[in-house]
Amino acid sequence: MKPNFDEMSRTELKAYVLSHRDDDEAIRVFFGRRNPSDSKATWYGPMTTPEGAPIAENIRIAEEAIKKRAEIDREKQQQREKAQEDGLRQKLEREIEQKLRAKIELEVEQKLQENLEKEIEALISAIAQFLVATSGFPSRLATPIALLAIRAGIEDFGDF
């Protein structure tokens, strides 16, 4: 006596089919029973008659469904690739910005240093000219005296 396949769980039916591989009825019931994970699946009619003749309408419907699914999958893949590309682009832009920022900061610092050195040279020259003009120091001594005054931080050194 055969078991009642309708009362069996999917797992029990699977175990029965595996142990009774020659039971065509059990195999038909097993493969005909929808799996709960198939709730989103679309079921199509058979592609052939029991005699083996193709069913053109079912084949056409299946082909259209396959084409539509392929297009959806292609669009999803393109979206994933675009998202990945955008992520890589943003990462690259951040890396470039960081490297450029460091380079620009270094260049600005060098320019400021150069400008400061020029201003200091001009200041020393002006102080030396002032010393020569107001104190009678020889011009060859005026620059070293101006440097000494600046380094020592002497205030009002010209008030003598």
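Of note:
- For GLU75, the conditions (1) in a helix (DSSP H, G or I); (2) farther than 30 Å from TYR44 by Cβ; (3) not β-branched (Val, Ile, Thr) all hold with the exception of (2).
- Take the conditions (1) under 30 Å from GLY32 (Cβ atoms); (2) of a type in the set (Gly, Ala, Ser); (3) part of a helix (DSSP H, G or I); GLY52 misses just one of them, which is (3).
- Taking the conditions (1) under 22 Å from the mean Cα position of the chain (by Cα); (2) closer than 24 Å to LEU147 by Cβ in turn, LEU112 satisfies each one other than (1).
- The set of residues in segment 1-17 being touching a helix residue (DSSP H, G or I) at 6+ places or on another chain (Cβ under 9 Å) and among the hydrophobic types (A, V, I, L, M, F, W, C) consists of PHE5, MET8, LEU13, VAL17.
- Options ILE104, ILE145; residue that is over 28 Å from the mean Cα position of the chain (by Cα) and farther than 30 Å from TYR44 by Cβ: ILE145
- Contacts under 9 angstrom Cβ, first residue in segment 135-160 being at positive phi and in a helix (DSSP H, G or I), partner crowded, with 17+ Cβ neighbours inside 10 Å and modelled with pLDDT of 75 or more, 6 or more apart: none
- Filter pass, LEU123 being over 28 Å from the mean Cα position of the chain (by Cα) and part of a helix (DSSP H, G or I): yes
The values are calculated or read from the model by the stated rules, or taken from the named source; none is laboratory data. The structure displayed is predicted, hence computed values, not measured ones. Neighbour counts run over all protein chains shown; Cβ positions are idealised from the backbone, glycine included.
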